[in-house]
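The values are calculated or read from the model by the stated rules, or taken from the named source; none is laboratory data. A quick note: this is a predicted structure, and the numbers were derived from the prediction, not measured. Here the Cβ is made from the backbone with ideal geometry for all residues, glycine too, and neighbour counts use every protein chain on show.
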Amino acid sequence: MKYSVFSLLKNTLSGHKKWPAAWRDPQPKKDYEVVIIGGGGHGLATAYYLAKVHGISNVAVLEKSWLGSGNVGRNTTIIRSNYMLPGNNPFYEWSMKLWEGLEQDFNFNAMVSQRGVLNLCHTDPQRDAFARRGNAMRIDGVDAELLDAEGVREMYPFLDFNNARFPIKGGILQRRGGTVRHDAVAWGYARGADSRGVDIIQNCEVTGIKTVKGKVVGVGTNKGFIGCKKLGLAAAGNSSEVAAMAGLKLPIESHVLQAFVSEGLKPYIDGVVTFGAGHFYVSQSDKGGLVFGGDIDGYNSYARRGNLPMVEHVIEAGVAMIPGLARVRVLRSWGGIMDMSMDGSPIIDKTSIDGLYLNAGWCYGGFKATPASGWCFAHTIAHDELHKLNAAYRLDRFRRGYMIDEKGQGASPNLH
Amino acid sequence: MLIKCPHCGTRPVEEFTFNGDASIQRPTSNDPATMDQWFDYVYLRDNPKGRFDEYAHHSSGCRAWLVVTRDTQTHEIFNVVTARDYAKKRVAS
Ligand SMILES: Cc1cc2nc3c(=O)[nH]c(=O)nc-3n(C[C@H](O)[C@H](O)[C@H](O)COP(=O)(O)OP(=O)(O)OC[C@H]3O[C@@H](n4cnc5c(N)ncnc54)[C@H](O)[C@@H]3O)c2cc1C
Ligand SMILES: [Zn+2]
């Protein structure tokens, strides 16, 4: 069924009781051409583009829990393409272009809102670094504007411009950045993939990967063995565990990142603003809640909840940036488990095992990448070779010394 | 999380700075032939779900390096020793 104003009117007349389910709930078949592990944004987008762009619809997405229960439904919904390094920038800009046409493409309202992403700077060197990054972005055809303090003040007069330690000197603005309703991304891709014949199998946990003579033949699950010619891993946060089923050890640690939402407020912050003197980013949801987050808790974790010191730290950073936040009450907080890669950049690659493909290491910036990640991973799986947009996201780059280290800090699992 | 420092007693988690997997061992050779060992040491991690030995620096306390054994799924802490005792025990075993 195509969603349109007419389908809406028709279903309004029947009291919204006759909408068909957005996707089927199939039992797994005995085998598939391609199996994807992980029904998050990346796994579902991969299945969608496999079916839509490459004509491969004999595909199953296996999700151990319910669809969208992972990071795709836990993130702070920010999208942007304001990276600096050559391996990253064209990839994220392609993602932004896909976001711009996504809702028409998959016929689902994902509330893509290009409300602008503003990064604040607080020192002269930071402004220089922003100018450099903005120039790098513009070389790749990405929009970037450097604002001075007055330019920022016009947009957000309530920021703490004269903070004694972290005065605001300006910022870098990407107007095409913004937010997207995260759940709707999972649902839109799921519906689009399902309608093209992809089986989305929920509550199906992969417990083993079977290979014969160095080639993947299928996976063991709690619903029995499922055969496949090709297997894509997109198990964000659990990538090490799943890859270990095929004997691979990854340059990744799993860490917990928390996010928060406040009580509903009247319209207050109409874009995304990030603090440059600590890690804090905030936007306002359409329901009015301020959605914000900060850094990972800092220790390896598979528990989807964090500790209170990080709650306090994030809120301190927020109040340093917007003193008025001190009077806002927090409604909820939650955590998600992410793959922290050793250079802060992702991996979309083939592996040493025939028919086994890896999509991992998204750190805490993988939501914005969802469309391009699915696009490139589908290409890599369908053609057994990398697309030029993910050509730098090789697994062996660490061994070869070709890290994509945006922060320039060297190997550590706390970059993003 | 509360961590029982062998020197300071039970202290809150925010006094500690974590530094990842304590079980990996730094290669001792500079010979380029040992590059694979270095690669393993610098980049690859077991990243276990469950029991995990990790370095923790009591940075806002006695400043000793410790090894905390913790469950990464529940955050339950089983054991805390000084990094020195951990290393000694490893040599002995
Ligand atoms: C609090 C928070 C805030 C964030 N904010 C942003 C942001 O503002 N902008 C941004 O770009 N990114 C953000 N991110 C990062 C982003 O959410 C992730 O990088 C991205 O969602 C990961 O890809 P995914 O959607 O495929 O992951 P997930 O949705 O986690 O999908 C992986 C799926 O694999 C499943 N799985 C795992 N193991 C198995 C198995 N053995 N068998 C079957 N299924 C399995 C899991 O259940 C899960 O559903 C944030 C993350 C968090 C936690
Ligand atoms: Zn101590």
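Per-residue answers, yes or no, for (1) within 16 Å of ligand 1 (Cβ to nearest atom); (2) more than 30 Å from A:Gly247 (Cβ to Cβ); (3) out of contact with any helix residue (DSSP H, G or I) (no Cβ under 8 Å at 6 or more places or on another chain):
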{"residue": "B:Ile3", "(1), (2), (3)": "no, yes, no"}
{"residue": "B:Phe16", "(1), (2), (3)": "no, yes, yes"}
{"residue": "B:Gln37", "(1), (2), (3)": "no, no, yes"}
{"residue": "B:Val68", "(1), (2), (3)": "no, no, yes"}
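Considering only the stretch A:248-297, state which residues are over 20 Å from the mean Cα position of the chain (by Cα), touching a residue at least 24 places away in the same chain (Cβ under 8 Å) and within 14 Å of another protein chain (Cβ to nearest Cβ).
A:Leu248
Which one of these is among the aliphatic types (A, V, I, L, M) and free of Cβ contacts under 8 Å to residues at least 40 places away in the same chain: A:Val152, A:Val117?
A:Val152
Within the stretch A:270-285, does at least one residue satisfy the condition of being under 17 Å from A:Val328 (Cα atoms), in contact with a Phe, Trp or Tyr (Cβ under 6 Å, 6 or more places away or on another chain), β-branched (Val, Ile, Thr) and within 11 Å of ligand 1 (Cβ to nearest atom)?
Yes: one or more hits.
Please return the ranges of strands (runs of 3 or more DSSP E) entirely within chain B where 3 or more residues are at pLDDT 95 or above and touching a Leu at 6+ places or on another chain (Cβ under 6 Å).
Working: elements: B:2-5, B:9-12, B:17-21, B:51-57, B:65-71, B:77-82.
In chain B, there are no strands (runs of 3 or more DSSP E) which contain 3 or more residues that are at pLDDT 95 or above and touching a Leu at 6+ places or on another chain (Cβ under 6 Å).
Considering only the stretch A:238-247, state which residues are more than 10 Å from every other protein chain (Cβ to nearest Cβ) and buried (at least 21 other Cβ atoms within 10 Å of the Cβ).
Once the filter is applied, which keeps residues that are more than 10 Å from every other protein chain (Cβ to nearest Cβ) and buried (at least 21 other Cβ atoms within 10 Å of the Cβ), the stretch A:238-247 yields only A:Val242.
Here's the yes/no breakdown for (1) under 25 Å from A:Asp343 (Cα atoms); (2) at the interface with another protein chain (Cβ under 8 Å from one of its Cβ atoms):
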| position | (1), (2) |
| --- | --- |
| B:Leu2 | no, no |
| B:Arg11 | no, no |
| B:Phe18 | yes, yes |
| B:Ile24 | yes, no |
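Determine which single condition B:Pro48 fails, assuming it passes every other condition in (1) buried (at least 16 other Cβ atoms within 10 Å of the Cβ); (2) more than 10 Å from chain A (Cβ to nearest Cβ); (3) farther than 17 Å from A:Asp297 by Cβ.
Result: B:Pro48 passes all but (2).
Could you check how many residues of the stretch B:10-42 are exposed (fewer than 13 other Cβ atoms within 10 Å of the Cβ) and within 19 Å of A:Pro309 (Cα to Cα)?
1
Need the failing condition index for A:Leu231 against (1) surrounded by fewer than 23 Cβ atoms within 10 Å (Cβ to Cβ); (2) touching a Leu at 6+ places or on another chain (Cβ under 7 Å), just the number.
Answer for A:Leu231: the failing condition is (1).
Is the stretch B:53-62 home to any residue that is within 18 Å of A:Glu241 (Cα to Cα), in contact with a strand residue (DSSP E or B) (Cβ under 9 Å, 6 or more places away or on another chain) and within 16 Å of ligand 1 (Cβ to nearest atom)?
There is no residue in the stretch B:53-62 that is within 18 Å of A:Glu241 (Cα to Cα), in contact with a strand residue (DSSP E or B) (Cβ under 9 Å, 6 or more places away or on another chain) and within 16 Å of ligand 1 (Cβ to nearest atom).
Against the definition (closer than 18 Å to A:Ile200 by Cβ, touching a Gly at 6+ places or on another chain (Cβ under 8 Å) and surrounded by fewer than 16 Cβ atoms within 10 Å (Cβ to Cβ)), how does A:Asp31 come out, yes or no?
When the stated conditions are applied, A:Asp31 passes them.
Against the definition (of a type outside the set (Asp, Glu), within 15 Å of ligand 1 (Cβ to nearest atom), in contact with an Asp or Glu (Cβ under 8 Å, 6 or more places away or on another chain) and closer than 19 Å to A:Pro371 by Cα), how does A:Gln114 come out, yes or no?
yes
Does B:Tyr43 qualify as being within 8 Å of another protein chain (Cβ to nearest Cβ), in contact with a helix residue (DSSP H, G or I) (Cβ under 9 Å, 6 or more places away or on another chain) and under 28 Å from A:Ser240 (Cα atoms)?
yes
Does A:Gly401 count as at pLDDT below 95, on the phi > 0 side of the Ramachandran plot and away from chain B (no Cβ under 14 Å)?
In short, no.
With respect to the numbered conditions (1) touching a helix residue (DSSP H, G or I) at 6+ places or on another chain (Cβ under 7 Å); (2) surrounded by fewer than 18 Cβ atoms within 10 Å (Cβ to Cβ); (3) within 30 Å of A:Val152 (Cα to Cα), which one is the sole condition not fulfilled by A:Gly264?
(1)
Would you pick out the residues in the stretch A:206-216 that are crowded, with 16+ Cβ neighbours inside 10 Å and touching a residue at least 24 places away in the same chain (Cβ under 8 Å)?
If the condition is that a residue be crowded, with 16+ Cβ neighbours inside 10 Å and touching a residue at least 24 places away in the same chain (Cβ under 8 Å), then A:Val206, A:Ile209, A:Thr211, A:Val216 are the ones that fit.
Of the conditions (1) out of contact with any Asp or Glu (no Cβ under 6 Å at 6 or more places or on another chain); (2) under 30 Å from A:Arg394 (Cα atoms), A:Arg176 clears all except one; give me its number.
(1)
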